[in-house]
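The values are calculated or read from the model by the stated rules, or taken from the named source; none is laboratory data. The structure presented is a predicted model; accordingly, all values stated were derived computationally and were not measured. Because the Cβ atoms are built from the backbone with ideal geometry, glycine has one as well, and the counts that use them run over all protein chains shown. Please note that ligands, DNA and RNA were not included when accessible areas were found on the heavy atoms of the full protein model with its side chains. Shrake-Rupley method; radii C 1.70, N 1.55, O 1.52, S 1.80 Å.
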Amino acid sequence: MKLSPIQLRAIEPEDLDWLYTIENDRSLWEVGATNVPYSKFALSNYIASSVADIYIDHQVRLIVETIAGKERVGIVDLINFEPAHLRAEVGIVIEKRFRRKGYASKVLTLLKDYALTTVHIHTLYAIVGTRNDSSMKLFEKNGFVNNGTLKDWFRREVTFEDAVVWQCLL
């Protein structure tokens with residue numbers, strides 16, 4: 001299957017219902033940093049208050065969509081932006097029906113270009129749980145280097161999971 005060309009764009013108020021579904025998908029909580037549901041009110045406030053300027057918000061959330069059909073494929077985040085060190089953490093969510101089709105790699109290609117040419121970031125990094133094989137392979141395949149293991153980084157109900165720090169110098 002040929003991938004539809006994609007683009008990254010700013011989040012819009014019209015994305016609220018879709019974002020609500022993504023943020024409250026419990027299957028994603030284990031690979032992320034959240035473990036509580038978000039209300040539409042909280043998400044609406046986030047959309048309204050974000051100026052979409054990483055230098056002000058220290059983060060930016062971008063919607064991944066197909067160029068032709070304007071169909072939402074996923075979300076990519078640059079978070080924990082450190083302007084003094086020109087680094088940011090990457091988070092990616094691809095909607096279930098678009099997974100395992102190569103979209104995440106395309107997103108990383110677009111994101112690296114955006115981070116370098118628009119934001120002037122020097123380093124991107126991701127912290128990935130060691131049981132998340134798909135993400136581990138994704139970052140390795142896309143030029144990120146394994147720079148170490150964080151022991152017992154993520155709490156998983158009654159146990160802990162190590163995490164790997166993946167880093168890409170732009």
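Residues in region 134-170 that are out of contact with any strand residue (DSSP E or B) (no Cβ under 6 Å at 6 or more places or on another chain) and open to solvent by less than 80 Å² (accessible area, probe 1.4 Å): 134, 138, 142, 156, 159, 170. Considered as a group, the residues in region 48-77 that are out of contact with any strand residue (DSSP E or B) (no Cβ under 9 Å at 6 or more places or on another chain) and closer than 19 Å to residue 121 by Cα include one that is surrounded by the fewest Cβ atoms within 10 Å (Cβ to Cβ), and that residue is 51. Given the criteria closer than 16 Å to residue 4 by Cα and free of Cβ contacts under 8 Å to residues at least 40 places away in the same chain, does residue 84 qualify? So residue 84 fails the test. Restricting attention to region 129-153, the residues being free of Cβ contacts under 8 Å to residues at least 60 places away in the same chain and assigned to a strand (DSSP E or B) number 9.
If you scan region 86-120, which residues turn out to be among the polar types (S, T, N, Q) and more than 14 Å from the chain's Cα centre (by Cα)? Don't jump to the end; show me each part of the working.
Quick first cut of region 86-120, residues among the polar types (S, T, N, Q) only: 105, 109, 117-118.
Passing the criteria: 117, 118.
Does any residue of region 12-22 turn out to be closer than 26 Å to residue 156 by Cα, of a type in the set (Phe, Trp, Tyr), open to solvent by 30 Å² or more (accessible area, probe 1.4 Å) and in a loop (DSSP other than H, G, I, E, B)?
no
In this structure, does residue 45 turn out to be surrounded by fewer than 14 Cβ atoms within 10 Å (Cβ to Cβ) and either within 20 Å of residue 140 (Cβ to Cβ) or not aromatic (Phe, Trp, Tyr) (or both)? Yes: the conditions hold for residue 45. Scanning region 65-85 for residues that are closer than 18 Å to residue 106 by Cα and either within 10 Å of the chain's Cα centre (by Cα) or part of a helix (DSSP H, G or I) (or both) yields 74, 75, 76, 77, 78.
The residues of region 86-125 that are within 18 Å of residue 144 (Cα to Cα), outside any strand (DSSP E or B) and open to solvent by less than 10 Å² (accessible area, probe 1.4 Å), listed by number, are 103, 107, 108, 111, 115, 121.
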